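The values are calculated or read from the model by the stated rules, or taken from the named source; none is laboratory data. Please read these numbers as outputs of a predicted model, since none were measured by experiment. Here the Cβ positions follow ideal geometry from the backbone for every residue, glycine too, while neighbour counts run over all protein chains shown.
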Amino acid sequence: MSTITAQDVKKLRDTTGAGMMDCKKALTESNGDFDAAVDYLRKKGAKVAELRAGRDANEGVVYILTNSANNFGIMVQVGCETDFVAKNESFIEFVKSIATLALDNKIKTTEDLLASDLNGVSVTERINEKVGSIGENISIQSYHAIEGTYIATYNHNFRAGVMVALNMDGNDTVAGIGKDLAMQIAAMKPVAIDETSVSQEQKDREKAIARDKAAAEGKPENILDKIAEGALTKFYKEFTLLNQDYIKDTKKTIAQVLKETNADLKVTSFVRTELGTK
C-alpha cells in the first residue's frame, strides 16, 4: 500500500477544493493514485449533489463582470443553502471563476455555461465537486448576458444585481446616469423599459385583475373597462422604468432625466436578479 504524504493530500486539495480529510480518504481508497483519487472525489460530489438537489439554495452570491470595453456583461447567481457558505471567501472565489469563464468566452446561456470547461472539466462537474466538499446544494440559480454600447452595473452586497445597457459610449456623464439607473432598477424593480415593452399577456392580466376586482366591489358594468385601463396606466407608472419617478428627484420621471442628460440617450435593455429568484 502506498504511503500517503501531507504533500499528496495538499496537492489533491488544491486541485479539487475538497476538505483535507476527504482528500486523505480519497487517496487511501485509491491506493495513492492521484487521478483515481480525483475521480473518487468527483463521484462522491455527484452523489452528494444528487442527494441535496431537492434542498432550497436561496442563499448564495450574485457576481457581475463586464469586459474592458464595457459593451458586454454577465451576471451569474450561484445558490447555496446557508449564509455561512455564501460569505466564505473560497465560495466567492469559486463563483468568480465561473463568472470569469462566462465573460472571457462571451457565454450567452446557462446551458452553455454549465457545459463549458473550467480547468479541465465542465462547470457542472466543478459544482458537483464543490457540493461534495461543502455538503450543501449548490446550483446556478440564474445567468444573464447583456450587450450594448455601454453597460452599467450595480451589485448590492453580492445579494442583488443589475445590468443596464445604454446606446451611448460611457463618458463620465453617461457612466454616472448609468449607475443611477442600475440602482433605480435594483430598488424599484421595474419589469420593462416602457409600456411598449410590456408583453400583451402582462397587459391583459393586469386589466383582468382590475376588472374582476371592480366587479366584485359592485362597480357598474359600463365603467369596468375604463377602470381596467386606469389600472393599466397605474401599472405602467409603477413598473416600467421610464415612467417611474426618479429616486433621486421624485419630481421627475426617468424619461425626463434621460432627456435632460442627452436627448439621444436611451436604455436598450436591462436585467435584474436577487437571491432566491430566477
Worksheet item: Is it true that Leu258 is in a loop (DSSP other than H, G, I, E, B), within 18 Å of Ala152 (Cα to Cα) and either free of Cβ contacts under 8 Å to residues at least 24 places away in the same chain or under 27 Å from the mean Cα position of the chain (by Cα) (or both)?
Response: no
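Here's the yes/no breakdown for (1) in contact (Cβ under 8 Å) with a residue 24 or more places away in the chain; (2) among the charged types (D, E, K, R); (3) within 30 Å of Asp83 (Cβ to Cβ):
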position: Glu206; (1), (2), (3): yes, yes, no
position: Ile209; (1), (2), (3): no, no, no
position: Glu221; (1), (2), (3): no, yes, no
position: Phe235; (1), (2), (3): yes, no, no
position: Asn243; (1), (2), (3): yes, no, no
position: Asp249; (1), (2), (3): no, yes, no
position: Thr253; (1), (2), (3): no, no, no
position: Leu275; (1), (2), (3): yes, no, yes
Worksheet item: Quick one: in region 119-132, which of the residues that are surrounded by 20 or more Cβ atoms within 10 Å (Cβ to Cβ) and not charged (D, E, K, R) is farthest from Ala192 (Cα to Cα)?
Response: Gly132
Worksheet entry | Lone qualifier among Gly170, Gly176 - being closer than 23 Å to Asp249 by Cβ and free of Cβ contacts under 8 Å to residues at least 24 places away in the same chain | Gly176
Item to complete: State whether the residues of region 76-93 include one that is over 23 Å from Arg13 (Cβ atoms) and modelled with pLDDT under 95.
Response: yes
Discussion item. Looking at region 263-277 only, could you name the residues that are modelled with pLDDT of 95 or more, part of a loop (DSSP other than H, G, I, E, B) and in contact with a helix residue (DSSP H, G or I) (Cβ under 9 Å, 6 or more places away or on another chain)?
Written reply: Leu265, Lys266
